[in-house]
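Structure record follows, encoded as structure tokens.
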Amino acid sequence: MGSSLKSAQFLIESRLRDAARGDWDACYDLGVDYSTGVNGVRIDLVEAHKWFNIAASRGGHESARYCRAEVADEMTAREIAEAQTRARAWLSDTSRRAA
């Protein structure tokens, strides 16, 4: 059981690193993880929307656009605004680190 949790944590950390390098598929995968509660993360629709939004807006990821809309249907306007704020902050922070 501990090994499974470590593997899931490694996968999430790996996806976060890949996302920071501009891997939009990793952003989409993080959205899937947070929207379904797999790979050691709990369901968090705000985080899921954030990652789908980044994959859709920066990477042109079509599946992310669809998933973002699906997740948004289950969220309040305030939650969507929070997800958008988090996405902008992550993109800003990531671009500062890359510079």
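The values are calculated or read from the model by the stated rules, or taken from the named source; none is laboratory data. All figures in this text were calculated on a predicted structure; none of them were measured in a lab. Note that we place each Cβ from the backbone using ideal geometry, even for glycine, and neighbour counts take in every protein chain shown. SASA here: full protein model, heavy atoms, side chains in, ligands and nucleic acids out. Shrake-Rupley method; radii C 1.70, N 1.55, O 1.52, S 1.80 Å.
For region 1-98, the list of trypsin sites (Lys or Arg not before Pro) that fall in a loop by DSSP and count at most 12 other C-beta atoms within 10 angstrom reads ARG21, ARG42.
This model, with +1 at the C-beta of Lys and Arg and -1 at the C-beta of Asp and Glu, gives the chain a dipole about its Cα centre of some 420 debye.
Measuring nothing but alpha carbons in the chain and taking Rh as the Kirkwood radius, the Rg to Rh ratio lands at 0.98. Placing a label point 7 Å from the Cα of GLU13 along the Cα-to-Cβ direction, the residues of region 20-56 with a backbone N closer than 20 Å are 20-23, 26-27, 29-31, 33-34, 38-42.
Think of the chain as having a plus end and a minus end, set by charges on the Cβ of Lys, Arg, Asp and Glu; of TYR34, ILE54, ALA64, ILE54 sits farthest toward the positive end of this dipole. Going by the alpha-carbon gyration tensor, a ≥ b ≥ c the square roots of its eigenvalues, is region 43-90 rounded (a/c under 1.5) or, if a/c is not under 1.5, prolate (a/b greater than b/c) versus oblate? In terms of gyration-tensor shape, oblate. Shape class of region 1-40 from the Cα gyration tensor (axes a ≥ b ≥ c, square roots of the eigenvalues): oblate, since a/c reaches 1.5 or more and a/b does not exceed b/c. Assuming charge only on the beta carbon of Lys and Arg (+1) and of Asp and Glu (-1), the dipole of region 54-99 about its Cα centre is about 360 debye to the nearest 20. For the chain, carbon and sulfur atoms together expose 50% of the accessible surface, with a 1.4 angstrom probe and every protein chain in place.
A straight chain from ALA89 to ARG58 at 0.36 nm per residue would run longer than the Cα-Cα distance by 9.8 nm.
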